[in-house]
Amino acid sequence: MASDARIPAPIPPPQPKISKFKIALCQLLVTPDKERNIAHARKLIEDAARKGAKLVVLPEIWNCPLSLKNLSKYAEDIDAEAACPSISMLSEVAFRNGITLVGGSIPELSAGQLFNTCCVFGPDGKLKAKHRKLHLFDFEVPGEVAFRESDFLTAGEEPTIVDTDVGRIGIGICHDIRFPELAMLYGSRGRSLTQNREAYTQIYINEDETEVWMMHWRVVRWTSTNWLQQKHQVKGAHLICYPGAFNMSTGELLWELMQRARAADNQLFVATCAPAPDPNTSADYITWGHSGLVGPQGMKRQPSLRRENLPLEVQRQGDMYKMVDVLGGNAQ
């Protein structure tokens, strides 16, 4: 039976305060100057808020270059707010603009360990959730290239799902998107979709390789409406945000594919935000970019097909397989 396919049963969340909203994905170009990166991110967030965005997402490792051996120089102790300029800016700008802010990720130093950490702030400027990257990216082609995050970073230990003014959101960072089990867990955790939520509008802030279009806006409006108000109720996050920084090879092969797969398999929205590709080809790490927003049918432009036309949640065969949430199911 479908009711037996997920253990334990999810817990319904509070009603979101906002039923329709714009999401901004700030694909900024990162430099070795931390202060400049912070000021740049602030500007993009403020510009997005002025354009009407109520949810803003930053990239993975946006306050410094993604160079593993140098991350510790830029790391901040998130729990010590006074000595944490990146986090202080995110808190302040979320409060001043009344937005929900998924703050990409920054290197976090805690108890002598280095983490890749995403902080989520509410419109009151308070920290609502902290996600430490769960799956570290170790990639090696013998004799050609090696990139081992586990040599420098410590993996997080808990998935992160958070109730916000715009609804329930799951958080992953970069390589976390490669693991469908995490997205399945987020898709099943904790909410009953009785709210009448219309489709999103995407605001996409993009910087190309040469930064000619420093503020290039591409607006995409989903055509389907009320996609969550349906006969077959499901439970879990309605959106997963993945700040990420896939490289030029894995990005071209997998970045969009992973976004579409996670969205379609779990019938939810997936938002990704990456740093802009660095025009300096001698940089330690060149990112693929291509931030995006994918709808529940796995497409960037949402078709008219609704979840009720293909109710996967009631078609699962719980007598043959189960998705077991070993940590429980409560959102933060």
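Things to note:
- Residues located in the range 139-174, provided they are of a type in the set (A, V, I, L, M), under 14 Å from Phe115 (Cβ atoms) and open to solvent by 10 Å² or more (accessible area, probe 1.4 Å): Leu153, Ala155
- Subset tally (residues that are open to solvent by 50 Å² or more (accessible area, probe 1.4 Å) and closer than 20 Å to Pro243 by Cβ) for the range 52-69: 1
- Sole residue being of a type outside the set (Gly, Ala, Ser), out of contact with any Phe, Trp or Tyr (no Cβ under 7 Å at 6 or more places or on another chain) and either surrounded by 19 or more Cβ atoms within 10 Å (Cβ to Cβ) or modelled with pLDDT under 95 (or both), chosen from Arg36, Arg42, Arg6: Arg6
- Matching option when the condition is in a strand (DSSP E or B) and more than 17 Å from Phe121 (Cβ to Cβ), among Pro107, Pro65: Pro107
- Top-ranked residue of the range 110-128 - restricted to ones that are hydrophobic (A, V, I, L, M, F, W, C) and buried (at least 20 other Cβ atoms within 10 Å of the Cβ), ranked as farthest from Pro16 (Cα to Cα): Phe115
- Condition met for Val120 (in contact (Cβ under 8 Å) with a residue 40 or more places away in the chain, under 24 Å from His175 (Cβ atoms) and out of contact with any Lys or Arg (no Cβ under 8 Å at 6 or more places or on another chain)): no
Rundown of residues vs (1) aromatic (Phe, Trp, Tyr); (2) modelled with pLDDT under 95; (3) under 21 Å from Val57 (Cβ atoms); (4) in a strand (DSSP E or B), yes/no style:
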position	(1), (2), (3), (4)
Asp163	no, yes, yes, yes
Ile169	no, no, yes, yes
Asp176	no, no, yes, no
Gly187	no, yes, yes, no
Gln195	no, yes, no, no
Tyr204	yes, yes, yes, yes
Asp208	no, yes, yes, no
Trp213	yes, yes, yes, no
Ser224	no, yes, no, no
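- Of all residues in the range 281-332 being charged (D, E, K, R) and in contact with a strand residue (DSSP E or B) (Cβ under 9 Å, 6 or more places away or on another chain), the one that is modelled with the lowest pLDDT: Arg301
The values are calculated or read from the model by the stated rules, or taken from the named source; none is laboratory data. Since the structure is predicted, the reported quantities are computational estimates derived from the model, not experimental observations. Every residue, glycine as well, gets a Cβ built from its backbone with ideal geometry; the counts of neighbours run over all protein chains shown. Please note that ligands, DNA and RNA were not included when accessible areas were found on the heavy atoms of the full protein model with its side chains. Shrake-Rupley method; radii C 1.70, N 1.55, O 1.52, S 1.80 Å.
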